[in-house]
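The values are calculated or read from the model by the stated rules, or taken from the named source; none is laboratory data. What you see is a predicted model; the values in this text were computed from it and never measured. Glycine gets a Cβ as well: all are built from the backbone with ideal geometry, and neighbour counts include every protein chain shown. The area values use the complete protein model at the heavy-atom level, side chains included, leaving out ligands, DNA and RNA. Shrake-Rupley method; radii C 1.70, N 1.55, O 1.52, S 1.80 Å.
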Amino acid sequence: MQTHFLLIFVLATIAVAALAASRSKLPPAIVMVLVGLVLAVTPGLPQVEIAPELVLLLVLPPLVYWAGVTMSWREFRYDIRSISLLAVGGVTFTTVAVAAVVHFILGWDWAVGFVLGAIVSPPDEVAPMAIGRRLGLPRRTMVILEGEGLANDATALILYKFAVVAVATGTFSFGSAFLVFLAIVAGEMAYGLAVGYASLRLRKWAADPRIEILLSLLTPFAASSTSRCPR
């Protein structure tokens, strides 16, 4: 019964926050974050714990898949240098910067600092895109933001895995980690291309709208399954 009322409370809160965002002309993502912060510090509310695997398995794949399907890949290839610098270089720089701050100011171990840095380094894609549209940013800037939002999570997840291994083993080799990072990126890209090609071929071969819808729903989860395999 408590779970039932909690679900109703969450849905009602989301509806109210969405209505407030619509009336205030603020991006819904920002309003949701502010409401979440208020609820987090409100005393008396039940503590809700969500398994990280739930987000990785059910929430993230459809969002990334939808963004990849709707964006212009011709413009993505044209701005691949800027997107790569932000998605890889920017996330890596933020991770290192956060690790350095918590190490020198709070006295945390470097490995633990890298874990925190990898968690907070990937920026949200939805809020910047919503703000950019309201500000009327140039099309090329929007494409770079969208492309960076597609790839930054992958970079952060890989860095997070390295940091967790460093915490668990107490050792870290930059050269070895860099080579493994390149291998993972190449493997993930090859796997994603293979899944996408197979999905398109199967949908064309089936020639049935119901089967095509089912394959479209399965594609993002199949493409993300490699990220859950043990390294």
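Structure notes:
- If you go through the stretch 1-37 and keep only what is part of a helix (DSSP H, G or I) and in contact with a helix residue (DSSP H, G or I) (Cβ under 7 Å, 6 or more places away or on another chain), you end up with Thr13, Ala17, Ala18, Ala20, Ala21, Pro28, Ala29, Ile30, Val31, Met32, Val35.
- Here Thr42, Thr13 are screened, and the one residue that is modelled with pLDDT of 80 or more, farther than 23 Å from Ile184 by Cα, surrounded by 14 or more Cβ atoms within 10 Å (Cβ to Cβ) and not aliphatic (A, V, I, L, M) is Thr13.
- Highlighted here are the helices (runs of 4 or more DSSP H) found entirely within the stretch 55-119 that include at least 1 residues which are under 18 Å from Gly192 (Cβ atoms) and open to solvent by 30 Å² or more (accessible area, probe 1.4 Å): 60-70, 73-78, 80-84.
- Each residue in the stretch 206-229 was checked for being assigned to a helix (DSSP H, G or I) and either polar (S, T, N, Q) or modelled with pLDDT under 80 (or both), and 8 pass.
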